[in-house]
Structure formats: structure tokens, C-alpha cells
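Comments concern the structure below.
Values in this text are rule-based calculations from the coordinates and carry no lab data. As the structure is a computational prediction, the values presented were derived from the model and not from experiment. So basically every Cβ, Gly included, is an ideal-geometry build from the backbone, and we count neighbours across all protein chains shown.
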Amino acid sequence: MPTKTPTQADFPSTVTAIITTPPQARSGPAPNILLLLHGLGDSATGFSAFGRALNLPETTVVTIQGPAPVPFDLGGFHWGDDVSFDSSTGGLDMDAGFNKSTRLLREVIRDVLMTKCGYRAREILVLGFGQGGMAGLMIGREFGGGSEAEALAGVVSIGAAFPLSGSAAGAKSRAPVLLLAGRDSVVVSDSAVKRTKGVFEFVEVSRYARKGDTMPSCREEVVPLMQFFARRLRSRQGVPEGSIELS
């Protein structure tokens with residue numbers, strides 16, 4: 001079936017999605033979909049600004065909101081099955097199980113983007129930050145495919161590796177992965193990278209020169225991300241020269 005640009009009406013009422021169409025869009029739907037998954041305590045509204053700043057050609061950005069609000073009036077949403085606290089930091093634990101979010105993202109990818117809108121797995125790429133990165137890696141594993149054509153175009157996880165709560169059993173996923181993290185990252189440690197490589201066949205790691213697993217904030221930190229996009233997104237126009245400058 002021919003592809004069509006997703007609209008709000010395509011998504012079930014249980015899914016909060018913000019759709020951003022590409023700049024200078026040609027007639028017809030964009031050949032790529034980029035799913036954005038926000039971090040713990042954020043929202044689709046807040047994270048969608050990053051998708052607009054990327055300014056990717058021929059790519060429709062769909063920002064999905066975590067399925068559950070963070071309790072205790074802390075604000076924002078999360079991707080975990082439950083809420084637990086990290087005993088070492090006292091903060092919320094990102095790795096809280098991802099069965100609920102995997103079901104939600106499976107519905108978004110398979111039922112909406114593939115069945116209703118006609119996209120193939122190879123035309124869908126996922127980018128997540130923090131806990132959203134873990135959720136993205138979980139769904140990337142599920143849509144790993146027996147061949148490259150059956151796998152997602154790729155998964156970018158910023159500040160997170162494949163979660164300990166996820167299963168490493170079975171064949172490795174063929175969805176290419178890019179991990180972005182700060183120097184000496186506790187979450188994206190050498191053992192966490194090894195765990196991720198045990199699940200995915202192709203894993204690239206890029207570390208900031210600075211500490212901190214935050215979003216990329218300068219040209220040097222964004223370049224590996226844009227290079228990954230340039231390899232994985234199907235764009236006849238290529239990546240715009242100014243798109244690596246985020247504000």
C-alpha cells in the first residue's frame with residue numbers, strides 16, 4: 001500500500017503523539033519516520049522541540065508521550081511498568097520494567113505507522129533520551145528482524161543502554177544502534193555497552209568529551225548523531241548543513 005503522512009486521527013485515544021512534518025516537504029508523505037521518546041519526567045510537548053530543532057529533511061517526526069504520569073505530583077510522564085527509587089542516588093530508577101511501554105510502542109509502529117500509514121520497519125527510526133532510550137532499545141529489539149529489511153532503520157539512545165530488566169535471549173537484533181553518553185557515564189558503563197552488544201548486532205558508542213548524560217549541546221556532540229541519521233534515513237536531499245546547530 002502507498003504511504004501516507006500520519007495524523008492525530010490515526011492514533012488511538014490512549015496515545016499522546018505530536019506530529020511534526022519536515023521542512024520544505026515535497027508533495028506526498030516523507031519517506032522516513034523518526035519516533036522521539038522523552039526522558040523520565042518529561043512530556044511529548046517538551047521533547048517535540050528537539051525534533052523541530054533537528055530540521056531533518058524528508059522525515060516526519062512523531063513524538064510519543066510515556067504511558068503513565070510520574071506520581072507524587074512530580075510532573076511529567078514515564079515509560080516504566082512501575083516507579084521505584086535508585087538506592088544509590090535516591091532518585092527515580094529509570095529501569096523499572098518496560099512491558100507497558102513496549103505494548104504502546106508496538107501499537108504505534110505496527111498498527112499505526114505500518115498498517116494504517118503504509119511504512120516499512122526499515123523506514124522508521126527511534127530516538128530516546130534516558131528512560132525513553134531504554135524503551136526505544138526494547139522496541140528496537142522486538143522489531144529486530146531476521147533480515148535488515150525487517151528491522152527498524154535504527155535506534156539512538158542518549159544516556160541509556162539496554163536495560164537490565166530486558167531479556168537478552170534469542171538472536172541478536174539487526175536494528176543498528178547508536179549510544180550517546182557522557183565521559184565516564186555510570187549508566188552507559190562498559191558493562192552496559194557489553195550488555196547492549198549482546199542484544200544488537202551493530203552498536204556504535206559515541207562519548208562526549210565532558211561528563212554528564214544530557215542531550216547533546218554543541219556541534220561536536222551532535223555530529224555523530226547527524227552522521228548516523230545520514231546513513232540510516234532515506235533522504236534524497238541529504239542532511240542540511242545548518243541542521244547540526246541546535247539552539
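Worth pointing out:
- Global geometry of region 29-235, whether rounded, prolate or oblate, following the gyration tensor of its Cα atoms and the 1.5 cut on a/c: rounded
- Computed packing ranks the peptides 134-142, 211-219, 172-180 as 134-142, 172-180, 211-219, most packed first, by mean other Cβ atoms within 10 Å.
- Within region 101-119: backbone nitrogen closer than 14 Å to the ALA68 label point (7 Å, Cα to C-beta): 101-104
- Length gained when the stretch PHE202-ARG234 is fully extended (0.36 nm per residue, less Cα-Cα span): 9.6 nm
- Segment MET1-ALA209, extension gain: residue separation times 0.36 nm, minus the distance between their alpha carbons: 70.3 nm
- Virtual spin-label span in nm between ARG183 and ARG195, 7 Å along Cα→Cβ: 2.5 nm
- Between PHE200 and SER173, the built amide H atoms are under 5 Å apart, and every one of these is 5 or more places off in sequence or on another chain.
- Relative contact order, whole percent, for the chain stands at 17, derived from Cα pairs under 8 Å and 6 or more residues apart.
- Per-pair calculated FRET efficiency, R0 = 35 Å: ARG219 and ARG103 via Cβ, rounded to 0.05: 0.40
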